[in-house]
1. So which residues in segment 250-294 are aliphatic (A, V, I, L, M), open to solvent by 10 Å² or more (accessible area, probe 1.4 Å) and within 16 Å of the ligand (Cβ to nearest atom), if there are any at all?
2. Residues of segment 64-94 being crowded, with 20+ Cβ neighbours inside 10 Å, touching a Pro at 6+ places or on another chain (Cβ under 8 Å) and part of a helix (DSSP H, G or I), which ones?
3. For ALA399, are the conditions met, namely being of a type in the set (A, V, I, L, M) and more than 22 Å from ILE228 (Cβ to Cβ)?
4. Look through segment 148-189, keep the residues that are among the small types (Gly, Ala, Ser) and under 19 Å from the mean Cα position of the chain (by Cα), and return whichever of them is most open to solvent (accessible area, probe 1.4 Å).
5. Of all residues in segment 18-33 being more than 13 Å from the ligand (Cβ to nearest atom) and of a type in the set (Val, Ile, Thr), which is modelled with the highest pLDDT?
6. Select from segment 190-213 the residues that are among the small types (Gly, Ala, Ser) and buried (at least 20 other Cβ atoms within 10 Å of the Cβ) and list them in ascending order.
7. Can you report the number of residues in segment 385-395 which are farther than 17 Å from PHE185 by Cα and within 13 Å of the ligand (Cβ to nearest atom)?
8. Quick check: anything in segment 402-422 open to solvent by less than 20 Å² (accessible area, probe 1.4 Å), within 16 Å of the ligand (Cβ to nearest atom) and modelled with pLDDT of 95 or more?
Amino acid sequence: MSRLVVVSNRIADPRKTAAGGLAVALAEVLNNTGGLWFGWSGKIVDDTEVDDVHVVQAGPVKLAMVDLSQADHDAFYLGYSNGVLWPVFHYRLDLADFDAGYIAGYRRVNQLFARKLLPLLRPDDVLWVHDYHLIPLAAELRALGCQHRIGFFLHIPLPPPLMLAAIPGHDWLVRALFAYDLVGFQSRSDLKHFGDYVETEAHAQRLDEDRWRAFGRTVHAGAFPIGIDIEEFNALANGPEATEMYERMKREYYRRKLLVGVDRLDYSKGLPQRMRAFREFLTKNPELRESATLIQIASPSRENVSAYTDILHELESLCGSINGNFGDLEWMPVRYIHRTVARDRLPGLYKASRVALVTPLRDGMNLVAKEYLAAQNEEDPGVLVLSRFAGAAEQLKEALLVNPYDTEGTAAAIQLALQMPLEERRQRHQALLRTVREYDVHWWCETFLDALAEAQAEEKGTSWLRL
Ligand code: ADQ
């Protein structure tokens, strides 16, 4: 069995299961193959100290980490990854900062990763690179002579060609994807955007459903929607912390129906739009007002990027005005919490909530939607209100799908969700849970790695791309 090498910007200690979902799934595969996990240590050091690779043995898994200099961190992480790629890939050209210096820093860090990773590789290793921070990594590795099988998974959406083309250096970025053997996306619409881009902008030849040829290379691409670790999540849901949380919420809100939102505080998550829809719901349904409370958890995220402070202020002001205008001494319609909730308590909060509002403006997948479904009591389940612009909407068709930009439509869905009869809630939940169970994180890992194994078999003997 080949050893698996996972590369991601941040890495997690696989022995600490609290990290949840993705980290747990990857840890499981890594544990089985005695794998290697390579990434940034999270530390910023002086330029002179950047060269060290820190290796830690975590059970059967080896963690190898590099530090970054302040300049590289600023250009690579804050600048190009989160100031250019994140907004544009989430369709927010207006928030992108196309400072010319960032792309050089982005490339420099990918070159650093390639240089430091290559000597750690064994001949039969299989590499799995994750997310938008590391798009050119395979090309940089190939330039150093690496001939390993390399797969890439993009956790965030891929925008349509014209939007992608707004990024200076977009052609270089997409060409770099051809250095991988397999490129995985969250949804079929992302895959379609990839196909459209490479055929129109790069004049790639489509060989079949999932293979394109350009720059002397054939790349396989597919949609591999990520799922949750349902067993791990069920274990958490039955644990003491989740149970305590559930009981406390039920006690505290015994006269009301809870709505819940759990997100990183990010402009892609549509939080102000959600608040406006909830305000519209309160305005239109005075008779339901005092029976509904929205708990919105928004964990702090990338607070050193300015677009994030703007969204924080907008959200605070909306929550304040809703509570000021609709609340009274006994009842506040919104409980807004700007903090991360411990992972082992989350299932209790989900279970106590009659409705989940998962209404991003754009999202690669959105695992909160799947976690909410997994946490429900099957006899008396809650209702998922889901944005049609989340990758999850391709799979979770029985949710109440909404357009988060449409305030009135979303408000109407909130009302429908709160008043949905038990039988309909059960039917929808049953179908949704079946999907969440079938396409869990293990399915995702296995399907991707199987496709990667097949992708390379066809590619033997062709020349590698050099940038
Ligand atoms: P994220 O944008 O971080 O991830 P998401 O999938 O919604 O988004 O959440 C990831 C995890 O973080 C979930 O397990 C969730 O429970 C947890 N989480 C989110 N907000 C939290 C909060 N306030 N407190 C505690 N825990 C919280 C990116 C992409 C997504 C994609 C994932 C995985 O943006 O679209 O689903 O990667 O590929």
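The values are calculated or read from the model by the stated rules, or taken from the named source; none is laboratory data. From a predicted model like this one, the values you see are computed outputs, not experimental measurements. Cβ atoms come from the backbone with ideal geometry, glycine included; neighbour counts cover every protein chain shown. For the accessible areas, the whole protein counts, side chains as well, though only heavy atoms, and no ligand, DNA or RNA atoms are used. Shrake-Rupley method; radii C 1.70, N 1.55, O 1.52, S 1.80 Å.
1. Once the filter is applied, which keeps residues that are aliphatic (A, V, I, L, M), open to solvent by 10 Å² or more (accessible area, probe 1.4 Å) and within 16 Å of the ligand (Cβ to nearest atom), segment 250-294 yields only VAL262.
2. VAL88, PHE89
3. Values: of a type in the set (A, V, I, L, M): yes; more than 22 Å from ILE228 (Cβ to Cβ): no.
When the stated conditions are applied, ALA399 does not pass them.
4. Ranking the candidates gives SER189 first.
5. Pass one, segment 18-33, residues more than 13 Å from the ligand (Cβ to nearest atom): 27-33.
Now restrict to residues that are of a type in the set (Val, Ile, Thr): 29, 33.
Working: VAL29: 79, THR33: 82.
Result: THR33.
6. Here is the first cut: in segment 190-213, the residues among the small types (Gly, Ala, Ser) are 195, 202, 204.
Within segment 190-213, ALA204 is the sole residue that qualifies.
7. Residues flagged as farther than 17 Å from PHE185 by Cα and within 13 Å of the ligand (Cβ to nearest atom) within segment 385-395 amount to 2.
8. Taking segment 402-422 and keeping what is open to solvent by less than 20 Å² (accessible area, probe 1.4 Å), we get 402, 404, 410-411, 413-414, 417-418, 420.
If we keep only those that are within 16 Å of the ligand (Cβ to nearest atom) as well, we get 404.
Retained after the next criterion (residues that are modelled with pLDDT of 95 or more): 404.
Yes, segment 402-422 has at least one match.
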